[in-house]
């Protein structure tokens with residue numbers, strides 16, 4: 001009987017040593033990974049360009065994949081939060097506009113870049129957990145928030161880097177939208193690593209790409225500029241082009257460009273990266289570093305908007 005009681009005590013002590021620390025860890029020490037589960041009826045129909053398949057993705061999971069695909073996780077948290085709200089607004093507008101279509105968005109720059117977890121784990125490797133926690137934090141702290149103008153969901157366009165100012169929507173996409181007007185974005189000049197870009201073409205390549213006959217003589221006249229100072233219309237050897245057309249034909253980074261001929265080479269220097277309408281991502285990063293919060297960033301780049309919550 002004595003031996004039995006002694007054995008019971010030994011077993012009790014051993015179990016206490018094992019179980020009590022487990023309970024403490026379970027109850028009081030938080031997991032390193034931020035849990036991310038939103039219960040929602042909303043899903044996004046995402047067309048995966050690589051496979052041509054349509055994937056049904058929970059709404060905030062989609063926003064998470066876009067935020068990770070569209071903005072570096074190293075950016076300031078307030079810039080990431082601004083991007084999360086812009087991405088959420090963009091897809092909500094697409095869901096309304098495409099409700100009778102087969103899918104809402106594609107997963108590329110045609111709409112918004114969406115990356116799934118498997119891809120992010122490959123891309124981020126050992127940084128996956130830290131980066132994902134930061135992404136999730138930005139989404140959780142802006143949960144359900146989106147942008148409206150006059151009670152309508154906005155077209156929340158965004159892009160990488162401005163030339164120093166953003167563009168009026170109608171000077172790039174034709175449609176005149178009151179909340180997409182040219183604003184200062186001088187932060188980009190100092191902070192963006194892709195602010196300047198130089199491309200070189202042979203004279204023959206240049207003419208081929210823009211659809212003109214080859215000739216030694218090159219005459220260039222800037223007909224007019226956009227409000228931001230980008231090229232709106234340009235004449236090349238007496239043929240008139242839109243700045244956006246030249247950007248597309250030559251795969252330029254922006255419509256803020258200059259053209260120079262040196263012997264039989266054409267050197268084109270651009271400022272900025274992207275279409276220039278809406279929120280500049282590097283501008284948002286610069287504002288965040290200066291102490292602006294995500295609401296201030298959004299209301300700077302999208303004129304007269306309100307932030308609402310689903």
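The values are calculated or read from the model by the stated rules, or taken from the named source; none is laboratory data. Quick caveat: nothing in here was measured; it's all calculated off a predicted structure. Glycine gets a Cβ as well: all are built from the backbone with ideal geometry, and neighbour counts include every protein chain shown.
Would you mind stating whether residue 227 is in contact with a helix residue (DSSP H, G or I) (Cβ under 8 Å, 6 or more places away or on another chain), closer than 29 Å to residue 305 by Cα, in contact (Cβ under 8 Å) with a residue 12 or more places away in the chain and not assigned by TED's automatic domain parsing to the domain that holds residue 113? Let's see the steps before the verdict.
On the way: in contact with a helix residue (DSSP H, G or I) (Cβ under 8 Å, 6 or more places away or on another chain): yes; closer than 29 Å to residue 305 by Cα: yes; in contact (Cβ under 8 Å) with a residue 12 or more places away in the chain: yes; not assigned by TED's automatic domain parsing to the domain that holds residue 113: yes.
Yes.
Which residues, counting only those in the range 206-219, are more than 30 Å from the chain's Cα centre (by Cα), closer than 15 Å to residue 247 by Cα, touching a residue at least 24 places away in the same chain (Cβ under 8 Å) and surrounded by 12 or more Cβ atoms within 10 Å (Cβ to Cβ)? Before you say what the answer is, go through the steps one by one.
Taking the range 206-219 as the starting set, the residues that turn out to be more than 30 Å from the chain's Cα centre (by Cα) are 206-208, 211-219.
With closer than 15 Å to residue 247 by Cα added as a condition, the list becomes 206-208, 211.
With the extra rule that they be touching a residue at least 24 places away in the same chain (Cβ under 8 Å), the set shrinks to 206, 211.
The one that is more than 30 Å from the chain's Cα centre (by Cα), closer than 15 Å to residue 247 by Cα, touching a residue at least 24 places away in the same chain (Cβ under 8 Å) and surrounded by 12 or more Cβ atoms within 10 Å (Cβ to Cβ): 206.
Could you check the range 230-268 and list, in sequence order, the residues that are closer than 30 Å to residue 82 by Cα and touching a strand residue (DSSP E or B) at 6+ places or on another chain (Cβ under 7 Å)? Of everything in the range 230-268, those that are closer than 30 Å to residue 82 by Cα and touching a strand residue (DSSP E or B) at 6+ places or on another chain (Cβ under 7 Å) turn out to be 230, 231, 232, 243, 252, 253, 254, 255, 256, 257. Step by step: first the residues of the range 263-283, then only those that are assigned to a loop (DSSP other than H, G, I, E, B) and within 25 Å of residue 72 (Cα to Cα), then the one that is farthest from the chain's Cα centre (by Cα). Which residue is that? Going through the qualifying residues, I end up with 272.
Just one of the listed residues (92, 80) is closer than 19 Å to residue 301 by Cα and touching a strand residue (DSSP E or B) at 6+ places or on another chain (Cβ under 6 Å), namely 92. Considered as a group, the residues in the range 161-178 that are surrounded by fewer than 22 Cβ atoms within 10 Å (Cβ to Cβ) and touching a helix residue (DSSP H, G or I) at 6+ places or on another chain (Cβ under 8 Å) include one that is modelled with the lowest pLDDT, and that residue is 175.
This table checks each residue for (1) over 15 Å from residue 158 (Cα atoms); (2) within 20 Å of the chain's Cα centre (by Cα); (3) assigned by TED's automatic domain parsing to the domain that holds residue 85.
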site	(1), (2), (3)
238	yes, no, no
250	yes, no, no
261	yes, no, no
285	no, yes, yes
289	yes, yes, yes
294	no, yes, yes
298	no, yes, yes
303	no, yes, yes
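Note on the range 179-221: residues that are out of contact with any helix residue (DSSP H, G or I) (no Cβ under 9 Å at 6 or more places or on another chain) and in a loop (DSSP other than H, G, I, E, B) total 2. Would you check if residue 143 is modelled with pLDDT under 95 and either surrounded by fewer than 24 Cβ atoms within 10 Å (Cβ to Cβ) or assigned to a helix (DSSP H, G or I) (or both)? Considered against the rule, which asks whether it is modelled with pLDDT under 95 and either surrounded by fewer than 24 Cβ atoms within 10 Å (Cβ to Cβ) or assigned to a helix (DSSP H, G or I) (or both), residue 143 comes out as yes.
Screening residue 128 with (1) touching a residue at least 60 places away in the same chain (Cβ under 8 Å); (2) in a helix (DSSP H, G or I) gives one miss only, at (1). Of all residues in the range 146-168, those that are over 16 Å from the mean Cα position of the chain (by Cα), assigned to a loop (DSSP other than H, G, I, E, B) and under 18 Å from residue 228 (Cβ atoms) total 3.
Is it true that residue 80 is in a helix (DSSP H, G or I), in contact with a helix residue (DSSP H, G or I) (Cβ under 6 Å, 6 or more places away or on another chain), buried (at least 16 other Cβ atoms within 10 Å of the Cβ) and in the same structural domain as residue 176 (by TED's automatic domain parsing)? Break it down into steps so the answer makes sense when it comes.
Values: in a helix (DSSP H, G or I): yes; in contact with a helix residue (DSSP H, G or I) (Cβ under 6 Å, 6 or more places away or on another chain): yes; buried (at least 16 other Cβ atoms within 10 Å of the Cβ): yes; in the same structural domain as residue 176 (by TED's automatic domain parsing): yes.
For residue 80, the condition - in a helix (DSSP H, G or I), in contact with a helix residue (DSSP H, G or I) (Cβ under 6 Å, 6 or more places away or on another chain), buried (at least 16 other Cβ atoms within 10 Å of the Cβ) and in the same structural domain as residue 176 (by TED's automatic domain parsing) - is met.
Taking the range 276-294 as the range and being surrounded by fewer than 20 Cβ atoms within 10 Å (Cβ to Cβ) and either in contact (Cβ under 8 Å) with a residue 60 or more places away in the chain or closer than 18 Å to residue 247 by Cα (or both) as the test, the residues that pass are 289, 290, 293.
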